[in-house]
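The values are calculated or read from the model by the stated rules, or taken from the named source; none is laboratory data. Small disclaimer: the values here were computed from a predicted structure and weren't measured. Positions of Cβ are backbone-derived with ideal geometry, glycine not excepted, and every protein chain shown enters the neighbour counts.
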Amino acid sequence: MFDKKVVQILEKAYAKVALTKEDCIYLLKLDRNSTEANIVRAAANDLIRKRTNNSAAIFGQIGVEAFPCEADCSFCSFGKSHTSFSPIRVERDTIAQKIHDFCKGGDLYGLYMMTMHTYDLDFFLDVVKIAKENVIGGTKLFSNVGDTSYEAFVQMKAAGIDGVYHVCRLGEGEYTKLSPKDRFKTMENAKAAGLDLLDCVEPIGTEHTAEELVDRIFLSLEMECIQTGCMKRVAVPGTPLAKYGQISDFELGYILAVQSLAIMQAKAFPVIGVHEPNEIGYVSGGNMICAETGINPRDTEADTAANRGLDVDACRRILFESGFERLYKGDGTTVELNEKYIKECFEK
Ligand code: SF4
C-alpha cells in the first residue's frame, strides 16, 4: 500500500492547497528510490507542465569580470584565499559579441550579468548599457552582483535592469565571509527600487538537511521571486569544500520536485531552474535552463563556454529532449519548441 501521508500531500497539491513546511520535510525524508518518491517526482513534473502549458524558459549568464573575491566562499573558484585566477575583465566588444550569440535566436528570456561580491558600479552600468544595445526579442536584464545599496539599484534600474538575482545561500556566514543580514538587506533594497527578485536554493551539498532545504524553498515564496530553482554545490578542484563531493543529479532532481510542489501556491508562478542543467531535473519539475559564458564560479576555465557552460542551442535541445513544447520569451509571448525551430535557430 502507498504511504497515506504522501497520498494526502499530493492530493493537496492537485487541489491547489498550499503545502506546509512539514509536508515538504516529510517528502524530503522519503527514500529516493521508493515508489512514493517516484510518484512525487512524476507529480511535480505533471503539475508544472499543466500550470505552464508545457513551457520552459532559457536564460543566459555572462560573467564579465573576476578577481580574488572578498566573500571568499569555500565553494567558489574565485574565493580570495584559494583562487588560482588572475584578475580578468572581459572586453566590451567581447561582451557585445557574447550577448549577440545568446540572443540571435530571439528567444532568450533573460540575461544575467555577473561579477564579484565587490564591484565597480560604473563598470557594471556600462555592461548594462552594452546589454541594452545588443539584446534582441525582449530579453530581460538581470544583475548577479554582491551586496548592493538601494541607490545603486535605482541607478541599475534606470540603466535598464529588470531584476536582481540575490540569495542568502545555504551556509551563508559559515562557508562565506558575508553576513546573512546584509544579504537580506540587499534583497529588500532591490525590491524597494522596484526590481524583480530571482533566487535559487543553493549551493546544495551532501550535508544539508530536509529542514534547511525547506527553509530556503519557502524563502523564495515569501520573497515572491519570479525565478527560483535548485543548484548543487559543484566540487570545484582547489576549493575547500571540494573534499565533500557533490550530490547526484538524481538527488538534485528530487529536491527540485519537492520545491516545485511547494511553489505551486505562488500567485505569480516562477520558472524553476536546474543547476547544473540535466534532463533528470527537467522531468522532475524544473522548467528553466541557463546558458553560460565568461567567468563562472563553478569552473576552473577563464571562459566557461569552453568547459562547463552550455550555449543556447544546447539549452533548446535539452528542453526539447525533456518534452517541453513551448519557450517563454522575455516579451511575454511563447514560441513552439520543435525540431524545425531548433534547426532554424541553429542556422541563424
Ligand atoms: S560565489 Fe560569488 S561572492 Fe562568493 S567568492 Fe565566488 S564570486 Fe565571490
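Inside the range 153-178, can you point out the residues that are within 16 Å of the ligand (Cβ to nearest atom) and more than 29 Å from LYS232 (Cβ to Cβ)? If the condition is that a residue be within 16 Å of the ligand (Cβ to nearest atom) and more than 29 Å from LYS232 (Cβ to Cβ), then no residue fits. Among the residues of the range 99-110, none qualifies, meaning not one is under 21 Å from the mean Cα position of the chain (by Cα) and within 14 Å of the ligand (Cβ to nearest atom).
A quick yes/no check of all residues on (1) within 16 Å of the ligand (Cβ to nearest atom); (2) without any contact (Cβ under 8 Å) to a residue 24 or more places away in the chain; (3) closer than 21 Å to ASP311 by Cα:
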| site | (1), (2), (3) |
| --- | --- |
| SER86 | yes, yes, no |
| MET116 | yes, no, no |
| ASP120 | yes, yes, no |
| ALA131 | no, no, yes |
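Under the condition of being more than 17 Å from GLY194 (Cβ to Cβ) and among the hydrophobic types (A, V, I, L, M, F, W, C), the residues counted in the range 215-229 number 4.
Of the residues making up the range 19-48, those that are more than 17 Å from PHE2 (Cα to Cα) and aliphatic (A, V, I, L, M) are LEU19, ILE25, ALA44, LEU47, ILE48. Do we find that VAL40 is within 15 Å of the ligand (Cβ to nearest atom), of a type in the set (Val, Ile, Thr) and crowded, with 22+ Cβ neighbours inside 10 Å in this structure? So VAL40 does not fit the description; no. Within the range 187-200, being aliphatic (A, V, I, L, M) and in contact with a Gly (Cβ under 7 Å, 6 or more places away or on another chain) holds for LEU195, LEU197, LEU198.
Elements of the type helices (runs of 4 or more DSSP H) sitting completely within the range 112-197 and holding at least 1 residues that are among the hydroxyl-bearing types (Ser, Thr, Tyr) and crowded, with 16+ Cβ neighbours inside 10 Å: these cover 180-192.
Could you list, in sequence order, the residues of the range 136-152 that are more than 20 Å from the chain's Cα centre (by Cα) and either modelled with pLDDT under 95 or aliphatic (A, V, I, L, M) (or both)? Scanning the range 136-152 gives ILE136, GLY137, ALA152. For residues that are in contact (Cβ under 8 Å) with a residue 24 or more places away in the chain, of a type outside the set (A, V, I, L, M, F, W, C) and either within 28 Å of LEU19 (Cα to Cα) or buried (at least 20 other Cβ atoms within 10 Å of the Cβ) (or both), tally how many sit in the range 216-245. Residues flagged as in contact (Cβ under 8 Å) with a residue 24 or more places away in the chain, of a type outside the set (A, V, I, L, M, F, W, C) and either within 28 Å of LEU19 (Cα to Cα) or buried (at least 20 other Cβ atoms within 10 Å of the Cβ) (or both) within the range 216-245 amount to 9.
Residue by residue, here is whether (1) surrounded by fewer than 24 Cβ atoms within 10 Å (Cβ to Cβ); (2) in a loop (DSSP other than H, G, I, E, B); (3) more than 10 Å from the ligand (Cβ to nearest atom) holds:
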{"position": "ALA44", "(1), (2), (3)": "no, no, yes"}
{"position": "LEU47", "(1), (2), (3)": "yes, no, yes"}
{"position": "ARG51", "(1), (2), (3)": "yes, no, yes"}
{"position": "SER74", "(1), (2), (3)": "yes, yes, no"}
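Yes or no, residue by residue, for (1) within 28 Å of ALA257 (Cα to Cα); (2) in contact (Cβ under 8 Å) with a residue 40 or more places away in the chain:
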residue: MET1; (1), (2): yes, no
residue: ILE25; (1), (2): yes, yes
residue: ARG32; (1), (2): yes, yes
residue: ALA71; (1), (2): no, yes
residue: SER74; (1), (2): yes, yes
residue: GLY79; (1), (2): no, yes
residue: VAL90; (1), (2): no, yes
residue: ALA96; (1), (2): no, no
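The set of residues from the range 153-168 being closer than 18 Å to GLY294 by Cβ and either under 15 Å from the mean Cα position of the chain (by Cα) or of a type in the set (Asp, Glu) (or both) comprises just one member, TYR165.
Condition check for LYS140 on (1) touching a strand residue (DSSP E or B) at 6+ places or on another chain (Cβ under 6 Å); (2) of a type in the set (Lys, Arg); (3) farther than 26 Å from ASP303 by Cβ: one failure, at (3).
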